[in-house]
1. When residues of the range 169-197 are filtered for being more than 30 Å from Thr62 (Cα to Cα), of a type outside the set (Ser, Thr, Tyr) and touching a Phe, Trp or Tyr at 6+ places or on another chain (Cβ under 7 Å), how many remain?
2. So which residues in the range 217-230 are of a type in the set (Asp, Glu) and in contact with an Asp or Glu (Cβ under 8 Å, 6 or more places away or on another chain), if there are any at all?
3. If a residue has to be assigned to a strand (DSSP E or B), polar (S, T, N, Q) and within 17 Å of the chain's Cα centre (by Cα) to count, how many in the range 27-60 make the cut?
4. For Asp246, are the conditions met, namely being among the charged types (D, E, K, R), in a loop (DSSP other than H, G, I, E, B) and modelled with pLDDT of 90 or more?
5. Filter the range 80-134 down to residues that are crowded, with 22+ Cβ neighbours inside 10 Å, under 8 Å from the mean Cα position of the chain (by Cα) and either among the basic types (Lys, Arg) or not assigned by the TED database to the domain that holds Lys174 (or both), then give me how many there are.
6. Which condition does Tyr296 not pass, out of (1) exposed (fewer than 12 other Cβ atoms within 10 Å of the Cβ); (2) modelled with pLDDT of 95 or more, if it passes all the others?
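The values are calculated or read from the model by the stated rules, or taken from the named source; none is laboratory data. Source: prediction; values computed, not measured. Reconstructed Cβ throughout: ideal geometry from the backbone, glycine too, with neighbour counts over all protein chains shown.
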Amino acid sequence: MSNSHSYNKAEEIGTVVPSKYTSVALLGNPNVGKTSLFNALTGARQYVANWPGVTIEKRVGTMFYGDRAFRIIDLPGTYTLGATSIDEKVARDYLIYESPDLVVVVTDAMNLERSLYLLLQVLELRGNVILAINSIDEAKKAGIRIDSKELSKHLGIPVVLTSAFTGEGIGNLKEAMLKISRSGIHVHYLFPERIEKLISKLSSSLKLKKELENFDTRWLSIKLLERDEEVLKLTGIDPGADYSADIANSRYEFIKELLKDSYRNSEKHYWDLNTAIDHVVTHKYLGILVFFAIMYLVFQVTYSFAEPFTTLIE
């Protein structure tokens, strides 16, 4: 992992008339609360259209903060940037060809490991990325603790804990967007040496192609090693072997190491009555005591209920 930037909280800025729009793409897996976060940032200043050539809904909104006006685009929910589905293609094409000023990758605090895979793919593609870990309110209730400072230090990008439901962290996210819109940041993590050598070799060849000068050659090289069909056609280069499994495994290993010191589940339980009863009656020792207590109670109830009838018969 390599980065040469650090992130500090932006200073307080008074609101002034904005001179230009800063474009922001919201990207994330399906069902991570991305659209709810979009609504929290833009309020009523939004409209809905369709992406060109497809029937997928396109949400665009405006946010004014500090000395900036942000034009925020809610991209389709996707798990990867593989361009194998319409949603993936729309999201990837927007990031490549529209090149927004900022990208906010929204992840789910309850399923952070799975959500971070998309973040790594975005970091391979471009800079000026912010990680928003959403549903932090639910994570806290479940006993999950996330060290955003530790994550930020290792990723080299701003990491903000948010809850679109309660509004927690929305102000911090706006601060991060303002900070990055002014300074910019570009980081990437390193693959194993064998993969890095292949990336370097391919990048050298790609830099010689004038028609690719607007593309990030490192990203193109990674996609070639994954045998991405669109990139194979675009570059006209065939690297031969398929390294997609090696690259995917490397990403997952990176994520596991990343979360080792920054993600904690205290296993705090919030029991209802049924859960509490189940815990007691299935306990190794308490369960036996409960069994005999119930049997004794049944015997006493049966005896007490039967005694009047016995007396009557006699």
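1. Restricting attention to the range 169-197, the residues satisfying the condition of being more than 30 Å from Thr62 (Cα to Cα) are 189-197.
When the remaining residues are screened for being of a type outside the set (Ser, Thr, Tyr), the result is 190-197.
Filter once more, so that each one left must be touching a Phe, Trp or Tyr at 6+ places or on another chain (Cβ under 7 Å): 195.
So the answer is 1.
2. Of the range 217-230, the ones of a type in the set (Asp, Glu) are 226, 228-230.
The one that is of a type in the set (Asp, Glu) and in contact with an Asp or Glu (Cβ under 8 Å, 6 or more places away or on another chain): Glu226.
3. From the range 27-60, those assigned to a strand (DSSP E or B) are 27-28, 46-50, 57-60; that's our starting set.
Restricting the remaining residues to those that are polar (S, T, N, Q) gives 46, 50.
So of that shortlist, the ones also within 17 Å of the chain's Cα centre (by Cα) come out as none.
Qualifying residue count for the region: 0.
4. Details: among the charged types (D, E, K, R): yes; in a loop (DSSP other than H, G, I, E, B): no; modelled with pLDDT of 90 or more: yes.
Spelling it out, it is not the case that Asp246 is among the charged types (D, E, K, R), in a loop (DSSP other than H, G, I, E, B) and modelled with pLDDT of 90 or more.
5. 0
6. Going through the list (1) exposed (fewer than 12 other Cβ atoms within 10 Å of the Cβ); (2) modelled with pLDDT of 95 or more, Tyr296 breaks only (2).
The rows are residues; the columns are (1) of a type in the set (Val, Ile, Thr); (2) exposed (fewer than 15 other Cβ atoms within 10 Å of the Cβ).
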{"residue": "Ser152", "(1), (2)": "no, no"}
{"residue": "Ser163", "(1), (2)": "no, no"}
{"residue": "Gly167", "(1), (2)": "no, yes"}
{"residue": "Glu175", "(1), (2)": "no, no"}
{"residue": "Ile180", "(1), (2)": "yes, no"}
{"residue": "Val187", "(1), (2)": "yes, no"}
{"residue": "Lys197", "(1), (2)": "no, yes"}
{"residue": "Ser203", "(1), (2)": "no, no"}
{"residue": "Leu208", "(1), (2)": "no, yes"}
